[in-house]
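This report refers to the structure that appears directly beneath it.
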Amino acid sequence: MIRGSAAVIAFLAVWEVVPRLGLVDRVFLPPFSEVLAAWWQLAVSGELGEHLGASLVRALGGLVLAVVVAIPLGIALGWYRPVAEALNPLLEIFRNTAALALLPVFVLLLGLGESSKIALVMFACSWPILLNTASAVRTVDPLLVRSARSLGFGAGAVFRKVVLPSTVPTLFTGVRLAAAVSLLVLVAAEMAGANAGLGYLITAAQFNVEVPQMYAGILTISLLGLAINQLLVVLERRVSRWRPATG
């Protein structure tokens, strides 16, 4: 933890010093203190909160919908072989289709409003969750399943008490990957067409040559991603408190 913090502090120190020494043009890479000042001004004015709120609604909305849809489907794919055999060809086609390539399709079908952006995020987030969930169900230790059945557990009980708990680590890995994907896709979509959001803030700042504000938007996205990931880590620990501690 201390070493990690030292690395971050060293990086920020280099960011502060290098432009001031003239090693790079500070017009294009302002010192970190100027970026921090621009971030504070955006926060105090309420502009940052407006853009952050818009992006949060879209990112979390798409992520939650992806969780609701992809986890049950992933469980079905991993637990029922006929379902996997029937759906895998179609899923492979969509999985290998770039999410941003479908942005015009979502806009045509759902309009320029929030629905198209949330649907795009949902589409992009579904695949890490779906694939990790299906893989987790398929790779449950067969010995655990046989032991549960030998104790008289029915299929439903085996699924609830053995299969689902065993999938938690891999499932959460998929959700955390999806959370990162949600921000990547959303920011790109907001840069392409939006009137609010962190992606819009970055693009508008670039066009207006407000470079510190542009970096402030990028910094906010990084902090948001870290916060969401940490929340998911805490949630995973709470859900899997029954597991023995390792290390």
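The values are calculated or read from the model by the stated rules, or taken from the named source; none is laboratory data. What you see is a predicted model, and the numbers here were worked out from it, not measured in a lab. Using ideal geometry, Cβ is built from the backbone for each residue, glycine included, and neighbour counts are taken over all protein chains shown. Please note that ligands, DNA and RNA were not included when accessible areas were found on the heavy atoms of the full protein model with its side chains. Shrake-Rupley method; radii C 1.70, N 1.55, O 1.52, S 1.80 Å.
Brief remarks on what is shown
- Taking the conditions (1) within 27 Å of the chain's Cα centre (by Cα); (2) over 29 Å from THR220 (Cβ atoms); (3) not small (Gly, Ala, Ser) in turn, LEU143 satisfies each one other than (1).
- Applying the condition of being under 22 Å from the mean Cα position of the chain (by Cα) and not aliphatic (A, V, I, L, M) to the range 79-103 and asking which residue is surrounded by the fewest Cβ atoms within 10 Å (Cβ to Cβ) yields ASN96.
- Single match in SER126, SER116 (criterion: in contact with a Phe, Trp or Tyr (Cβ under 7 Å, 6 or more places away or on another chain) and at pLDDT 85 or above): SER116
- Where SER222 falls short, out of the listed (1) within 24 Å of GLU34 (Cβ to Cβ); (2) more than 17 Å from the chain's Cα centre (by Cα); (3) polar (S, T, N, Q); (4) surrounded by fewer than 20 Cβ atoms within 10 Å (Cβ to Cβ): (2)
- Cβ separations smaller than 6 Å between residues 6+ apart or across chains give the following pairs from the range 226-241 residues that are under 15 Å from THR170 (Cα atoms) to residues that are of a type outside the set (D, E, K, R) and at pLDDT below 85: VAL239/VAL168; SER240/VAL168.
- Which listed residue is of a type outside the set (Phe, Trp, Tyr) and under 24 Å from VAL209 (Cβ atoms), from ALA7, ALA43: ALA43
- Among residues of the range 27-62, those that are of a type in the set (D, E, K, R) and either on the phi > 0 side of the Ramachandran plot or surrounded by fewer than 16 Cβ atoms within 10 Å (Cβ to Cβ) (or both), counted: 2
- ALA98, sole failed condition from (1) farther than 18 Å from ILE221 by Cβ; (2) touching an Asp or Glu at 6+ places or on another chain (Cβ under 9 Å): (2)
- Filtered residue count, the range 104-127, keeping only those that are open to solvent by 40 Å² or more (accessible area, probe 1.4 Å) and among the charged types (D, E, K, R): 1
- Those helices (runs of 4 or more DSSP H) lying entirely in the range 129-247 with at least 2 residues β-branched (Val, Ile, Thr) and more than 19 Å from ALA76 (Cβ to Cβ): 164-192, 198-207, 211-239
- Unique match (being free of Cβ contacts under 8 Å to residues at least 60 places away in the same chain, among the basic types (Lys, Arg) and touching a helix residue (DSSP H, G or I) at 6+ places or on another chain (Cβ under 9 Å)) among ARG95, ARG138, ARG81, ARG58: ARG95
- Taken over the range 166-214, residues that are within 14 Å of CYS125 (Cα to Cα) and acidic (Asp, Glu) amount to 0.
- Of the helices (runs of 4 or more DSSP H) lying entirely inside the range 21-98, the ones with 2 or more residues being basic (Lys, Arg) are found at 81-95.
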